Amino acid sequence: MKRCLMIDRQKAESLIERIEKYYSILAEFKKLTLEEYLKDIKTVYSSRYLIQVCVESCINLSNHIIASDKMGVPSEYADTFRILCKNNLIDEKLTAQLINMTRFRNRLVHLYWDIDDEFVFEIINNNLEDINAFVKSIKQYLKLLKL
């Protein structure tokens, strides 16, 4: 597939830096036990927000690449990851995980009053590496483009 190569390097790097910053803060919460996590309301609410903005930044980065390289038009947030998969930037397993993270992001935004904080803790401990894998895949792609 011919690439348009109109990706704004500074924008992509800025989004990657943001994702990595959010990821590193969330990773700190892995040191906590479930009881410690649930007891600290500031940690609970900040982790919810950090997951939301981290996933949104992944979506924004994906949309920038998709639009720049004319890969297609996503009809919903989850489509951004499907399009990246279709264009071999991420694999199917990671795509499925990122779609699940996007669904959870939607829940955080639209059903914020009905969030299971034990589930948030599980995401931090079991699914955070999906964000890291996404960033690595995008960095590899940008390196191939020599950006």
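What follows draws every value from the coordinates through simple rules; no lab data is involved. The model shown is predicted, which means the values in this text are computed figures rather than measured ones. No Cβ is skipped: glycine too gets one built from the backbone with ideal geometry, and neighbour counts run over all protein chains shown.
Between residue 140 and residue 39, the modelled label-to-label distance comes to 4.2 nm, taking each label 7 Å out from Cα in the direction of the beta carbon. If the chain linking residue 76 and residue 91 were pulled fully straight, counting 0.36 nm for each residue of separation and taking away their Cα-Cα distance, it would gain 3.5 nm. Ordering 7, 108, 61 by Cα displacement along the dipole of the chain toward the positive end leaves 7 in first place; charges were set at the Cβ atoms of Lys, Arg (+1) and Asp, Glu (-1). Rounded to the nearest 500, the helix-only mean residue ellipticity at 222 nm of the chain stands at -24500 deg cm²/dmol, with each DSSP H run of n ≥ 4 adding -39,500 (n - 2.57). Distance between the modelled labels on residue 30 and residue 103, one decimal in nanometres: 2.4 nm (7 Å Cα→Cβ projection). Spin-label model, residue 49 to residue 10: label points 7 Å out along the Cα-to-beta-carbon direction sit 2.8 nm apart.
Checking the cross-link pairs 31/139; 42/146; 42/70; 30/139; 70/93; 42/143 against a 31 Å limit on the alpha carbon distance flags 42/146; 42/70; 42/143 as lying beyond it. Extension gain, residue 116-residue 67: 0.36 nm per intervening residue step, less the Cα-Cα distance, totals 14.2 nm. One quarter of the surface of the convex hull around the alpha-carbon atoms of segment 9-144 equals 7.9 nm², the direction-averaged projected area. Residues 129, 76 in ascending order of nearby Cβ atoms (within 10 Å, fewest first): 76, 129.
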